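As C-alpha coordinates, the structure follows; a few thoughts come after it.
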Amino acid sequence: MSEPTRAEVCAAAIADAFADDGEIFASPMGMLPMLGVRLAKLTSNPDLVISDGESLFLAGVPPLFAKADVVEGWIPFRKVFDIVANGPRHVMMGATQVDRHGNQNISAIGDFDRPTRQLLGSRGAPGNTVNNRTSYWVPRHSPRVFVEAVDVVSGVGPRRAAAAGPAAARYNDIHRIVTDLAVLDVKGADDTVRLLSVHPGVSVDEVRAATGFELEVPAEVPETRSPTAEELVLVREVLDPRTLRDREVKPVVREATS
Amino acid sequence: MSAGRSPRDKRMSIDEVVAELSDGMTIGIGGWGPRRKPMALVRAILRSDLKDLTIVSWGGADVGLLLRAGKVRRLVYAFVSLDSVPLEPNFQKARQEGTVPEVVELDEGMFQTGLRAAAQRLPFLPVRAGLGSDVLVHNPDITTVTSPYADPDGVHEELVAVPALRLDVALVHLNRADKHGNATYLGPDPYFDDLFCMAADRAYVSVEQVVDTAGLTVDTPVQRLLLSRMLVTGVVETPHGAHFTTCTPDYERDERFQKAYAAAASGSDEDWAAFEQRFLAGDEDAYQAAVAAFAEEEQA
(Lines give C-alpha, C1' and ligand atoms only; values in the text may rest on other atoms or scores of the structure.)
Protein backbone atom coordinates (compact mmCIF):
# COMPACT_ATOMS: atom_id res chain seq x y z
CA MET A 1 0.00 0.00 0.00
CA SER A 2 1.28 3.46 -0.89
CA GLU A 3 2.35 5.93 1.79
CA PRO A 4 -0.41 7.87 3.52
CA THR A 5 -1.09 11.26 1.95
CA ARG A 6 -1.35 14.44 3.98
CA ALA A 7 -5.16 14.35 3.68
CA GLU A 8 -5.18 10.81 5.06
CA VAL A 9 -3.02 11.84 8.00
CA CYS A 10 -5.47 14.68 8.66
CA ALA A 11 -8.43 12.29 8.47
CA ALA A 12 -6.87 10.02 11.09
CA ALA A 13 -6.04 13.01 13.33
CA ILE A 14 -9.65 14.19 13.07
CA ALA A 15 -10.87 10.66 13.85
CA ASP A 16 -8.66 10.68 16.94
CA ALA A 17 -10.32 13.91 18.11
CA PHE A 18 -13.63 11.98 18.29
CA ALA A 19 -12.24 8.70 19.63
CA ASP A 20 -13.08 9.30 23.30
CA ASP A 21 -16.46 10.98 22.83
CA GLY A 22 -18.64 7.96 23.49
CA GLU A 23 -22.28 8.08 22.39
CA ILE A 24 -22.72 11.69 21.29
CA PHE A 25 -23.64 13.57 18.11
CA ALA A 26 -20.52 14.15 16.01
CA SER A 27 -21.19 17.22 13.90
CA PRO A 28 -18.54 17.82 11.23
CA MET A 29 -18.57 20.94 9.04
CA GLY A 30 -16.73 20.35 5.78
CA MET A 31 -15.37 17.40 3.87
CA LEU A 32 -12.26 16.35 5.82
CA PRO A 33 -14.09 16.58 9.18
CA MET A 34 -16.88 14.42 7.73
CA LEU A 35 -14.32 11.88 6.51
CA GLY A 36 -12.56 11.87 9.89
CA VAL A 37 -15.77 11.45 11.86
CA ARG A 38 -16.92 8.54 9.68
CA LEU A 39 -13.50 6.95 10.05
CA ALA A 40 -13.80 7.26 13.84
CA LYS A 41 -17.23 5.60 13.72
CA LEU A 42 -15.80 2.68 11.74
CA THR A 43 -12.79 2.27 14.05
CA SER A 44 -12.26 3.83 17.47
CA ASN A 45 -15.79 4.94 18.37
CA PRO A 46 -18.68 2.91 16.89
CA ASP A 47 -21.06 4.58 19.39
CA LEU A 48 -20.81 7.96 17.64
CA VAL A 49 -24.09 9.34 16.33
CA ILE A 50 -23.64 10.74 12.84
CA SER A 51 -25.90 12.56 10.40
CA ASP A 52 -26.13 13.21 6.68
CA GLY A 53 -25.35 16.85 7.45
CA GLU A 54 -28.98 17.68 6.71
CA SER A 55 -31.79 16.15 8.70
CA LEU A 56 -31.17 12.41 9.17
CA PHE A 57 -29.24 10.38 11.74
CA LEU A 58 -27.49 7.58 9.85
CA ALA A 59 -27.31 4.05 11.20
CA GLY A 60 -24.75 3.06 8.59
CA VAL A 61 -21.59 4.83 7.52
CA PRO A 62 -21.98 5.75 3.84
CA PRO A 63 -19.18 7.13 1.69
CA LEU A 64 -18.84 10.91 1.40
CA PHE A 65 -21.84 12.47 -0.35
CA ALA A 66 -23.54 9.08 -0.88
CA LYS A 67 -27.21 8.76 -0.08
CA ALA A 68 -28.19 7.53 3.37
CA ASP A 69 -28.70 3.78 3.61
CA VAL A 70 -30.28 3.02 6.99
CA VAL A 71 -31.71 5.97 8.92
CA GLU A 72 -31.85 5.85 12.73
CA GLY A 73 -33.31 9.22 13.55
CA TRP A 74 -34.46 12.69 12.61
CA ILE A 75 -32.32 15.74 13.24
CA PRO A 76 -33.88 18.79 11.54
CA PHE A 77 -32.20 22.12 12.30
CA ARG A 78 -34.56 22.89 15.19
CA LYS A 79 -33.50 19.68 16.96
CA VAL A 80 -29.83 20.45 16.41
CA PHE A 81 -30.22 23.48 18.67
CA ASP A 82 -31.94 21.34 21.30
CA ILE A 83 -28.95 18.97 21.25
CA VAL A 84 -26.51 21.90 21.39
CA ALA A 85 -28.20 23.21 24.53
CA ASN A 86 -28.56 19.71 25.96
CA GLY A 87 -24.86 19.00 25.48
CA PRO A 88 -24.18 15.57 23.91
CA ARG A 89 -22.46 16.94 20.81
CA HIS A 90 -18.97 17.51 19.45
CA VAL A 91 -18.82 19.91 16.53
CA MET A 92 -15.80 20.40 14.32
CA MET A 93 -16.15 23.77 12.61
CA GLY A 94 -14.08 25.74 10.14
CA ALA A 95 -12.23 28.85 11.25
CA THR A 96 -11.27 31.78 9.07
CA GLN A 97 -9.22 33.10 12.00
CA VAL A 98 -8.05 31.56 15.28
CA ASP A 99 -6.07 33.49 17.87
CA ARG A 100 -3.57 32.61 20.59
CA HIS A 101 -6.40 32.17 23.08
CA GLY A 102 -8.42 29.85 20.88
CA ASN A 103 -11.06 32.39 19.88
CA GLN A 104 -12.43 31.73 16.38
CA ASN A 105 -13.89 34.00 13.70
CA ILE A 106 -16.24 33.12 10.84
CA SER A 107 -18.16 36.40 10.91
CA ALA A 108 -16.20 39.13 9.14
CA ILE A 109 -12.64 40.33 8.47
CA GLY A 110 -11.74 43.85 9.53
CA ASP A 111 -13.97 46.27 11.42
CA PHE A 112 -17.36 44.68 12.08
CA ASP A 113 -19.22 47.90 11.23
CA ARG A 114 -17.60 48.08 7.80
CA PRO A 115 -15.81 44.78 7.15
CA THR A 116 -13.18 44.50 4.45
CA ARG A 117 -14.53 41.00 3.88
CA GLN A 118 -17.91 39.82 5.05
CA LEU A 119 -17.97 36.09 5.81
CA LEU A 120 -20.89 33.84 6.77
CA GLY A 121 -21.91 35.44 10.03
CA SER A 122 -21.27 33.92 13.44
CA ARG A 123 -23.62 31.00 12.71
CA GLY A 124 -23.76 28.64 15.69
CA ALA A 125 -20.20 29.27 16.91
CA PRO A 126 -21.06 31.37 20.00
CA GLY A 127 -23.58 28.78 21.19
CA ASN A 128 -21.51 25.73 20.29
CA THR A 129 -18.50 26.91 22.25
CA VAL A 130 -20.36 27.56 25.50
CA ASN A 131 -22.57 24.47 25.25
CA ASN A 132 -20.69 21.51 23.83
CA ARG A 133 -17.27 20.24 22.81
CA THR A 134 -15.90 22.17 19.84
CA SER A 135 -12.94 21.52 17.56
CA TYR A 136 -11.66 23.45 14.55
CA TRP A 137 -10.46 22.31 11.15
CA VAL A 138 -8.06 24.53 9.24
CA PRO A 139 -7.17 23.16 5.79
CA ARG A 140 -4.47 25.81 5.18
CA HIS A 141 -2.42 26.62 8.25
CA SER A 142 -1.07 30.15 7.73
CA PRO A 143 -0.40 33.42 9.57
CA ARG A 144 -3.58 34.78 7.97
CA VAL A 145 -5.61 32.18 9.87
CA PHE A 146 -3.58 32.00 13.10
CA VAL A 147 -3.60 35.65 14.14
CA GLU A 148 -2.70 37.45 17.36
CA ALA A 149 -6.33 38.54 17.89
CA VAL A 150 -9.34 37.58 15.76
CA ASP A 151 -11.32 40.47 14.26
CA VAL A 152 -14.66 39.13 15.50
CA VAL A 153 -15.02 36.56 18.28
CA SER A 154 -17.54 34.02 16.99
CA GLY A 155 -16.29 30.90 18.80
CA VAL A 156 -15.30 31.59 22.39
CA GLY A 157 -11.94 30.39 23.74
CA PRO A 158 -11.48 29.28 27.36
CA ARG A 159 -10.11 32.59 28.62
CA ARG A 160 -13.00 34.65 27.25
CA ALA A 161 -15.43 32.05 28.55
CA ALA A 162 -13.93 32.25 32.04
CA ALA A 163 -14.12 36.04 31.95
CA ALA A 164 -17.80 35.84 30.97
CA GLY A 165 -18.60 33.84 34.11
CA PRO A 166 -19.53 30.32 35.20
CA ALA A 167 -22.48 30.02 32.80
CA ALA A 168 -20.08 30.50 29.88
CA ALA A 169 -17.15 28.51 31.26
CA ARG A 170 -19.09 25.52 32.62
CA TYR A 171 -19.35 23.67 29.29
CA ASN A 172 -16.67 25.48 27.27
CA ASP A 173 -14.45 22.72 25.87
CA ILE A 174 -12.23 23.64 22.90
CA HIS A 175 -10.85 20.21 22.18
CA ARG A 176 -8.55 20.16 19.14
CA ILE A 177 -7.43 22.26 16.24
CA VAL A 178 -6.43 20.04 13.34
CA THR A 179 -4.67 21.68 10.37
CA ASP A 180 -2.90 20.51 7.24
CA LEU A 181 0.40 20.83 9.16
CA ALA A 182 -0.25 19.89 12.76
CA VAL A 183 -2.53 19.05 15.65
CA LEU A 184 -2.98 21.67 18.39
CA ASP A 185 -5.13 22.35 21.43
CA VAL A 186 -5.80 25.32 23.73
CA LYS A 187 -4.34 23.84 26.89
CA GLY A 188 -1.07 25.79 26.88
CA ALA A 189 -0.10 28.15 29.70
CA ASP A 190 -2.83 30.71 30.41
CA ASP A 191 -5.22 28.86 28.07
CA THR A 192 -3.21 29.42 24.92
CA VAL A 193 -2.77 27.42 21.73
CA ARG A 194 -0.26 24.61 22.09
CA LEU A 195 1.36 22.35 19.52
CA LEU A 196 0.55 18.67 20.11
CA SER A 197 2.08 17.03 17.04
CA VAL A 198 3.39 17.82 13.58
CA HIS A 199 2.34 15.79 10.56
CA PRO A 200 4.92 13.51 8.92
CA GLY A 201 7.26 15.62 6.79
CA VAL A 202 6.45 18.86 8.63
CA SER A 203 8.96 20.55 10.93
CA VAL A 204 8.15 22.45 14.11
CA ASP A 205 9.76 25.54 12.59
CA GLU A 206 7.45 25.27 9.61
CA VAL A 207 4.44 25.33 11.94
CA ARG A 208 5.89 28.25 13.91
CA ALA A 209 6.43 30.20 10.68
CA ALA A 210 2.86 29.50 9.59
CA THR A 211 1.45 30.73 12.91
CA GLY A 212 1.00 34.46 13.43
CA PHE A 213 1.37 34.35 17.20
CA GLU A 214 3.79 32.85 19.66
CA LEU A 215 2.87 29.20 19.80
CA GLU A 216 3.51 27.08 22.87
CA VAL A 217 5.88 24.35 21.76
CA PRO A 218 6.75 21.55 24.19
CA ALA A 219 10.36 20.36 24.38
CA GLU A 220 9.45 17.19 22.54
CA VAL A 221 6.94 17.40 19.71
CA PRO A 222 5.86 13.99 18.42
CA GLU A 223 4.92 13.25 14.86
CA THR A 224 1.18 12.90 14.18
CA ARG A 225 0.54 9.19 13.81
CA SER A 226 0.10 7.77 10.35
CA PRO A 227 -3.15 6.00 9.56
CA THR A 228 -3.08 2.24 10.02
CA ALA A 229 -3.42 -0.12 7.07
CA GLU A 230 -7.03 -0.73 8.12
CA GLU A 231 -7.76 3.00 8.20
CA LEU A 232 -6.18 3.49 4.78
CA VAL A 233 -8.38 0.78 3.30
CA LEU A 234 -11.46 2.36 4.89
CA VAL A 235 -10.60 5.83 3.62
CA ARG A 236 -9.47 4.79 0.14
CA GLU A 237 -11.91 2.04 -0.68
CA VAL A 238 -14.97 2.67 1.47
CA LEU A 239 -15.40 6.29 2.52
CA ASP A 240 -13.71 8.30 -0.22
CA PRO A 241 -13.03 6.17 -3.30
CA ARG A 242 -13.21 9.30 -5.48
CA THR A 243 -10.28 10.88 -3.56
CA LEU A 244 -12.26 14.03 -2.84
CA ARG A 245 -10.04 14.53 0.22
CA ASP A 246 -7.14 15.63 -1.99
CA ARG A 247 -9.14 18.65 -3.12
CA GLU A 248 -9.23 19.99 0.40
CA VAL A 249 -5.66 19.05 1.34
CA LYS A 250 -3.38 18.76 -1.66
CA PRO A 251 -0.95 15.85 -1.73
CA VAL A 252 2.50 16.99 -0.63
CA VAL A 253 5.23 16.47 -3.17
CA ARG A 254 8.21 15.31 -1.15
CA GLU A 255 11.61 16.56 -2.17
CA ALA A 256 14.06 13.80 -2.79
CA THR A 257 16.33 13.33 0.18
CA SER A 258 19.94 12.57 -0.49
CA MET B 1 -72.02 20.94 5.12
CA SER B 2 -73.04 24.37 3.95
CA ALA B 3 -70.39 26.78 2.75
CA GLY B 4 -71.44 29.28 5.40
CA ARG B 5 -70.30 26.91 8.13
CA SER B 6 -66.88 26.40 6.65
CA PRO B 7 -63.85 28.42 7.87
CA ARG B 8 -62.83 31.45 5.87
CA ASP B 9 -61.29 31.17 2.44
CA LYS B 10 -57.92 32.95 2.77
CA ARG B 11 -56.63 32.59 -0.76
CA MET B 12 -54.89 35.70 -2.02
CA SER B 13 -52.67 36.75 -4.90
CA ILE B 14 -48.99 37.60 -4.44
CA ASP B 15 -49.72 41.27 -5.05
CA GLU B 16 -52.56 41.28 -2.53
CA VAL B 17 -50.12 40.06 0.12
CA VAL B 18 -47.57 42.73 -0.73
CA ALA B 19 -50.32 45.37 -0.67
CA GLU B 20 -50.83 44.54 3.00
CA LEU B 21 -47.20 45.35 3.84
CA SER B 22 -45.98 48.84 4.63
CA ASP B 23 -42.75 50.82 4.94
CA GLY B 24 -40.73 50.22 8.08
CA MET B 25 -42.31 46.86 8.89
CA THR B 26 -40.46 44.00 10.53
CA ILE B 27 -40.76 40.99 8.24
CA GLY B 28 -39.66 37.47 9.14
CA ILE B 29 -38.81 35.21 6.21
CA GLY B 30 -39.05 31.43 6.73
CA GLY B 31 -36.96 28.63 5.27
CA TRP B 32 -33.24 28.27 5.91
CA GLY B 33 -30.37 29.72 3.86
CA PRO B 34 -31.00 28.49 0.31
CA ARG B 35 -33.90 26.23 1.29
CA ARG B 36 -37.67 26.62 0.95
CA LYS B 37 -37.69 30.40 0.85
CA PRO B 38 -40.89 32.25 -0.11
CA MET B 39 -39.05 33.68 -3.12
CA ALA B 40 -42.15 34.63 -5.14
CA LEU B 41 -43.21 36.90 -2.26
CA VAL B 42 -39.67 38.26 -1.96
CA ARG B 43 -39.64 39.02 -5.69
CA ALA B 44 -42.96 40.83 -5.32
CA ILE B 45 -41.44 42.98 -2.56
CA LEU B 46 -38.59 43.81 -4.95
CA ARG B 47 -41.13 45.11 -7.48
CA SER B 48 -42.96 47.19 -4.88
CA ASP B 49 -42.20 50.64 -3.47
CA LEU B 50 -41.71 49.23 0.03
CA LYS B 51 -38.71 50.57 1.92
CA ASP B 52 -36.96 50.76 5.32
CA LEU B 53 -37.81 47.16 6.15
CA THR B 54 -36.41 45.18 9.06
CA ILE B 55 -35.72 41.69 7.74
CA VAL B 56 -35.40 38.74 10.14
CA SER B 57 -34.09 35.67 8.33
CA TRP B 58 -31.87 32.59 8.34
CA GLY B 59 -30.47 34.31 5.30
CA GLY B 60 -30.06 33.18 1.74
CA ALA B 61 -30.78 34.90 -1.56
CA ASP B 62 -33.91 36.43 0.01
CA VAL B 63 -31.63 38.64 2.07
CA GLY B 64 -29.19 39.22 -0.79
CA LEU B 65 -31.92 40.35 -3.19
CA LEU B 66 -33.63 42.65 -0.69
CA LEU B 67 -30.29 44.22 0.27
CA ARG B 68 -29.31 44.75 -3.35
CA ALA B 69 -32.66 46.43 -4.02
CA GLY B 70 -32.11 48.81 -1.10
CA LYS B 71 -35.21 47.62 0.74
CA VAL B 72 -33.56 46.93 4.09
CA ARG B 73 -32.90 49.36 6.89
CA ARG B 74 -32.11 46.72 9.47
CA LEU B 75 -31.06 43.10 9.03
CA VAL B 76 -31.34 40.47 11.77
CA TYR B 77 -29.44 37.27 10.89
CA ALA B 78 -27.13 34.57 12.21
CA PHE B 79 -25.68 33.76 8.79
CA VAL B 80 -26.32 34.49 5.13
CA SER B 81 -25.27 31.70 2.76
CA LEU B 82 -26.16 29.94 -0.48
CA ASP B 83 -24.45 26.70 0.74
CA SER B 84 -23.03 25.48 -2.57
CA VAL B 85 -21.87 29.10 -2.96
CA PRO B 86 -20.80 29.64 0.66
CA LEU B 87 -20.86 33.44 0.76
CA GLU B 88 -23.87 35.43 -0.49
CA PRO B 89 -22.34 38.05 -2.83
CA ASN B 90 -25.09 40.66 -2.47
CA PHE B 91 -24.91 40.39 1.32
CA GLN B 92 -21.13 40.71 1.18
CA LYS B 93 -21.37 43.72 -1.09
CA ALA B 94 -23.89 45.48 1.14
CA ARG B 95 -21.81 44.87 4.25
CA GLN B 96 -18.49 45.77 2.66
CA GLU B 97 -19.87 48.93 1.05
CA GLY B 98 -21.77 49.86 4.19
CA THR B 99 -25.14 50.14 2.46
CA VAL B 100 -27.20 48.29 5.06
CA PRO B 101 -27.71 50.87 7.82
CA GLU B 102 -28.09 48.50 10.73
CA VAL B 103 -27.24 44.85 11.32
CA VAL B 104 -27.99 42.56 14.24
CA GLU B 105 -25.79 39.47 13.94
CA LEU B 106 -26.90 36.76 16.36
CA ASP B 107 -25.87 33.20 17.12
CA GLU B 108 -28.26 30.70 15.49
CA GLY B 109 -29.54 29.42 18.81
CA MET B 110 -30.11 32.99 20.00
CA PHE B 111 -32.06 33.66 16.83
CA GLN B 112 -34.35 30.70 17.47
CA THR B 113 -34.69 31.74 21.11
CA GLY B 114 -35.68 35.28 20.11
CA LEU B 115 -38.42 33.87 17.88
CA ARG B 116 -39.52 31.53 20.68
CA ALA B 117 -39.78 34.41 23.11
CA ALA B 118 -41.91 36.33 20.63
CA ALA B 119 -44.03 33.25 19.95
CA GLN B 120 -44.63 32.86 23.68
CA ARG B 121 -45.33 36.59 24.14
CA LEU B 122 -42.37 36.89 26.49
CA PRO B 123 -40.00 39.89 26.52
CA PHE B 124 -36.95 37.62 26.50
CA LEU B 125 -35.69 34.09 27.14
CA PRO B 126 -32.37 33.09 28.69
CA VAL B 127 -29.60 31.15 26.92
CA ARG B 128 -25.90 30.48 27.24
CA ALA B 129 -25.21 31.24 23.58
CA GLY B 130 -23.58 34.61 23.07
CA LEU B 131 -21.72 34.72 26.40
CA GLY B 132 -18.10 35.70 25.85
CA SER B 133 -18.59 36.29 22.12
CA ASP B 134 -18.63 39.52 20.12
CA VAL B 135 -22.34 39.01 19.45
CA LEU B 136 -22.87 40.80 22.76
CA VAL B 137 -20.17 43.39 21.98
CA HIS B 138 -21.76 44.33 18.65
CA ASN B 139 -25.31 44.32 20.06
CA PRO B 140 -24.88 46.32 23.26
CA ASP B 141 -28.64 46.47 23.74
CA ILE B 142 -28.66 42.72 24.38
CA THR B 143 -28.02 42.29 28.05
CA THR B 144 -27.65 39.46 30.52
CA VAL B 145 -29.86 38.30 33.35
CA THR B 146 -28.86 36.67 36.63
CA SER B 147 -30.68 33.47 37.43
CA PRO B 148 -32.87 33.81 40.53
CA TYR B 149 -32.13 30.15 41.24
CA ALA B 150 -28.84 28.82 42.58
CA ASP B 151 -27.13 25.91 40.85
CA PRO B 152 -26.17 22.91 42.98
CA ASP B 153 -22.77 24.57 43.49
CA GLY B 154 -24.42 27.74 44.77
CA VAL B 155 -23.72 29.82 41.66
CA HIS B 156 -26.39 32.11 40.28
CA GLU B 157 -25.61 31.88 36.57
CA GLU B 158 -25.55 35.02 34.47
CA LEU B 159 -27.18 34.21 31.15
CA VAL B 160 -27.93 36.07 27.93
CA ALA B 161 -31.44 37.57 27.93
CA VAL B 162 -32.33 37.19 24.25
CA PRO B 163 -34.94 39.83 23.41
CA ALA B 164 -38.10 38.67 21.67
CA LEU B 165 -37.92 38.94 17.88
CA ARG B 166 -41.44 40.28 17.38
CA LEU B 167 -42.51 40.29 13.74
CA ASP B 168 -45.19 42.36 12.09
CA VAL B 169 -45.44 39.81 9.31
CA ALA B 170 -44.08 36.32 8.58
CA LEU B 171 -43.67 35.05 5.02
CA VAL B 172 -43.16 31.29 4.59
CA HIS B 173 -43.35 28.77 1.75
CA LEU B 174 -44.61 25.19 2.16
CA ASN B 175 -45.58 22.38 -0.19
CA ARG B 176 -49.34 22.25 0.28
CA ALA B 177 -52.11 24.09 2.06
CA ASP B 178 -55.87 24.17 2.04
CA LYS B 179 -57.65 27.45 1.35
CA HIS B 180 -58.08 28.05 5.06
CA GLY B 181 -54.35 28.07 5.86
CA ASN B 182 -53.66 24.58 7.18
CA ALA B 183 -50.32 23.74 5.60
CA THR B 184 -47.96 20.79 5.28
CA TYR B 185 -44.29 20.40 4.41
CA LEU B 186 -43.27 17.29 2.47
CA GLY B 187 -39.50 17.62 2.69
CA PRO B 188 -37.27 16.36 5.51
CA ASP B 189 -37.11 19.57 7.56
CA PRO B 190 -39.81 21.93 8.84
CA TYR B 191 -37.16 24.61 9.46
CA PHE B 192 -38.75 27.22 11.78
CA ASP B 193 -41.75 28.27 9.74
CA ASP B 194 -44.30 27.61 12.48
CA LEU B 195 -42.19 29.64 14.89
CA PHE B 196 -42.02 32.56 12.44
CA CYS B 197 -45.81 32.47 12.13
CA MET B 198 -46.32 32.43 15.89
CA ALA B 199 -43.83 35.29 16.37
CA ALA B 200 -45.76 37.44 13.89
CA ASP B 201 -48.96 39.47 14.05
CA ARG B 202 -49.86 38.23 10.58
CA ALA B 203 -48.54 35.29 8.58
CA TYR B 204 -48.77 34.65 4.86
CA VAL B 205 -47.99 31.22 3.48
CA SER B 206 -47.25 30.57 -0.17
CA VAL B 207 -47.50 26.98 -1.35
CA GLU B 208 -46.82 24.84 -4.38
CA GLN B 209 -50.40 23.67 -4.39
CA VAL B 210 -53.69 24.44 -2.68
CA VAL B 211 -55.67 21.24 -2.06
CA ASP B 212 -58.89 20.24 -0.30
CA THR B 213 -58.56 19.88 3.45
CA ALA B 214 -59.11 16.12 3.12
CA GLY B 215 -56.31 16.02 0.55
CA LEU B 216 -53.77 17.30 3.08
CA THR B 217 -53.58 13.94 4.86
CA VAL B 218 -54.69 11.52 2.18
CA ASP B 219 -51.10 10.52 1.33
CA THR B 220 -49.19 12.39 4.04
CA PRO B 221 -48.80 11.72 7.77
CA VAL B 222 -50.68 14.18 9.95
CA GLN B 223 -47.40 15.06 11.73
CA ARG B 224 -46.36 16.95 8.63
CA LEU B 225 -49.14 19.49 9.12
CA LEU B 226 -46.88 22.25 10.40
CA LEU B 227 -49.25 25.21 10.27
CA SER B 228 -52.76 25.45 11.65
CA ARG B 229 -55.09 27.93 9.98
CA MET B 230 -55.40 29.86 13.24
CA LEU B 231 -51.78 31.00 12.69
CA VAL B 232 -52.26 31.96 9.04
CA THR B 233 -53.69 35.18 7.59
CA GLY B 234 -53.42 34.44 3.89
CA VAL B 235 -52.66 31.58 1.49
CA VAL B 236 -51.07 32.06 -1.93
CA GLU B 237 -50.73 29.34 -4.53
CA THR B 238 -47.38 29.96 -6.26
CA PRO B 239 -46.10 26.89 -8.13
CA HIS B 240 -42.30 27.00 -8.22
CA GLY B 241 -42.60 29.90 -5.78
CA ALA B 242 -39.46 28.92 -3.85
CA HIS B 243 -37.26 28.93 -6.95
CA PHE B 244 -34.21 29.01 -6.99
CA THR B 245 -34.11 27.59 -3.45
CA THR B 246 -35.21 24.04 -2.58
CA CYS B 247 -38.77 22.89 -2.17
CA THR B 248 -38.12 19.20 -1.58
CA PRO B 249 -39.63 16.90 -2.88
CA ASP B 250 -41.34 19.13 -5.46
CA TYR B 251 -37.95 20.37 -6.68
CA GLU B 252 -34.39 20.79 -5.50
CA ARG B 253 -32.25 23.89 -5.66
CA ASP B 254 -31.61 25.21 -9.17
CA GLU B 255 -27.81 25.16 -8.92
CA ARG B 256 -27.25 26.49 -12.45
CA PHE B 257 -29.51 29.42 -11.82
CA GLN B 258 -27.95 30.04 -8.44
CA LYS B 259 -24.52 30.12 -10.08
CA ALA B 260 -25.78 32.66 -12.60
CA TYR B 261 -27.26 34.72 -9.77
CA ALA B 262 -24.03 34.62 -7.77
CA ALA B 263 -21.94 35.50 -10.84
CA ALA B 264 -24.15 38.49 -11.64
CA ALA B 265 -24.22 39.62 -8.01
CA SER B 266 -20.44 39.50 -7.68
CA GLY B 267 -19.84 40.96 -11.14
CA SER B 268 -20.03 44.54 -12.40
CA ASP B 269 -23.05 46.82 -12.01
CA GLU B 270 -23.80 46.09 -15.68
CA ASP B 271 -23.79 42.33 -14.99
CA TRP B 272 -26.31 42.84 -12.21
CA ALA B 273 -28.47 45.19 -14.26
CA ALA B 274 -28.62 42.57 -17.03
CA PHE B 275 -29.66 39.89 -14.54
CA GLU B 276 -32.32 42.16 -13.05
CA GLN B 277 -33.62 43.15 -16.47
CA ARG B 278 -33.87 39.56 -17.61
CA PHE B 279 -35.36 37.97 -14.48
CA LEU B 280 -36.73 40.54 -12.04
CA ALA B 281 -38.21 43.36 -14.11
CA GLY B 282 -41.54 41.64 -14.79
CA ASP B 283 -44.11 39.87 -12.65
CA GLU B 284 -43.89 36.33 -11.25
CA ASP B 285 -45.19 34.75 -14.48
CA ALA B 286 -42.52 36.63 -16.43
CA TYR B 287 -39.89 35.42 -13.94
CA GLN B 288 -40.94 31.79 -14.31
CA ALA B 289 -40.97 32.14 -18.11
CA ALA B 290 -37.48 33.66 -18.04
CA VAL B 291 -36.28 30.85 -15.80
CA ALA B 292 -37.72 28.25 -18.19
CA ALA B 293 -35.94 29.95 -21.10
CA PHE B 294 -32.70 30.02 -19.08
CA ALA B 295 -33.03 26.28 -18.33
CA GLU B 296 -33.54 25.53 -22.03
CA GLU B 297 -30.47 27.54 -22.97
CA GLU B 298 -28.42 25.67 -20.41
CA GLN B 299 -29.67 22.35 -21.82
CA ALA B 300 -28.70 23.29 -25.36
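The values are calculated or read from the model by the stated rules, or taken from the named source; none is laboratory data. Quick caveat, the model's predicted, so the values are computed rather than measured. We place every Cβ from the backbone using ideal geometry, glycine too, and count neighbours over all the protein chains shown. Side chains are part of the model used for accessible areas, which takes the heavy atoms of the whole protein and leaves out ligands, DNA and RNA. Shrake-Rupley method; radii C 1.70, N 1.55, O 1.52, S 1.80 Å.
Enter the accessible area of B:I142 (Å², nearest 10), with the probe set to 1.4 Å and all protein chains included.
So the heavy atoms of B:I142 present about 20 Å² to solvent.
Given axes a ≥ b ≥ c from the Cα gyration tensor, I'd like to know whether the range B:190-289 is rounded (a/c under 1.5), prolate (a/b larger than b/c) or oblate. Numbers along the way, then the final one.
Numbers: a/c = 2.34, a/b = 2.06, b/c = 1.14.
It comes out prolate by the Cα gyration axes.
Measuring from a point 7 Å past the Cα of B:D9 along Cα-to-C-beta, which residues in the range B:171-188 have an amide N at less than 20 Å?
Residues passing the 20 Å test: B:176-183.
Would you please name the trypsin sites (Lys or Arg not before Pro) within the range A:1-75 that are DSSP coil residues with at most 16 other C-beta atoms within 10 Å of their C-beta?
Listed in order of number, the matching sites are A:K67.
What FRET efficiency comes out for B:R74 versus A:A229 if R0 is 56 angstrom and r is the Cβ-Cβ distance? Round to the nearest 0.05. Don't skip to the answer; put the middle values down first.
Details: r = 57 Å, r/R0 = 1.02.
According to the calculation, E is roughly 0.45.
Assign one of three labels to the range B:100-211, namely rounded, prolate or oblate, based on the Cα gyration tensor with a ≥ b ≥ c the square roots of its eigenvalues; rounded applies when a/c is under 1.5, prolate when it is not and a/b is larger than b/c, and oblate otherwise.
Prolate, because a/c is 1.5 or more and a/b exceeds b/c.
Put A:R247, B:R36 in order of accessible area, largest first, 1.4 Å probe: what do you get?
Accessible-area ranking of A:R247, B:R36, largest first: A:R247, B:R36.
Just to verify a number: what accessible area does B:V145 come out at with the full protein assembly present, 1.4 Å probe, Å² rounded to tens?
Rounded to the nearest 10, that gives 50 Å².
Only Cα pairs within less than 10 Å get springs; with that Gaussian network setup on chain A, which residue of A:G22, A:G94, A:G102 has the largest fluctuation?
Highest fluctuation of the listed residues: A:G22.
Charges at C-beta only: +1 for Lys and Arg, -1 for Asp and Glu. How large is the resulting dipole of the protein assembly as shown about its Cα centre, in Debye rounded to 20?
Values: 57 positive and 80 negative charges, 149 e Å.
Value, rounded to 20: 720 debye.
How far is it, in nm, from the label point at B:E16 to the one at B:K259 when both lie 7 Å from their Cα along the line to the Cβ?
4.0
In terms of the Cα gyration tensor, with a ≥ b ≥ c the square roots of its eigenvalues, is the protein assembly as shown rounded because a/c is under 1.5, prolate because a/b exceeds b/c, or oblate?
Prolate, since a/c reaches 1.5 and a/b exceeds b/c.
At most 11 other Cβ atoms within 10 Å and a DSSP loop assignment: could you name the GluC sites (Glu not before Pro) in the range B:1-110 that fit?
Sites meeting the loop and neighbour criteria: B:E97.
At most 16 other Cβ atoms within 10 Å and a DSSP loop assignment: could you name the GluC sites (Glu not before Pro) in the range A:121-217 that fit?
Qualifying residues, ordered by number: A:E148, A:E214.
Just how much of A:H199 is accessible, in Å², when a 1.4 Å probe is used and the result is rounded to the nearest 10?
Answer for A:H199: close to 0 Å² accessible.
Rounded to the nearest 20 debye, what is the charge dipole size of chain A about its Cα centre when +1 sits on each Lys and Arg Cβ and -1 on each Asp and Glu Cβ? All intermediate terms of the calculation are to be shown ahead of the outcome.
Details: 28 positive and 35 negative charges, 135 e Å.
Value, rounded to 20: 640 debye.
Rounded to the nearest 0.05, what FRET efficiency do B:D151 and B:E298 have when you use their Cβ-Cβ distance and R0 = 60 Å?
0.55
Using a Förster distance of 41 Å, how high is the FRET efficiency between B:T143 and B:D168, based on the Cβ-Cβ distance and rounded to 0.05?
FRET efficiency, B:T143 to B:D168: 0.95.
Of the options B:A265, B:G282, B:L50, report the single residue whose Cα projects farthest towards the positive end of the charge dipole of chain B (beta-carbon charges: Lys, Arg +1; Asp, Glu -1).
B:L50
Roughly what % of DSSP beta bridges within the range A:6-248 run antiparallel, to the nearest 5?
Values: 16 of 34 bridges.
Bridges in the range A:6-248 are about 45 percent antiparallel.
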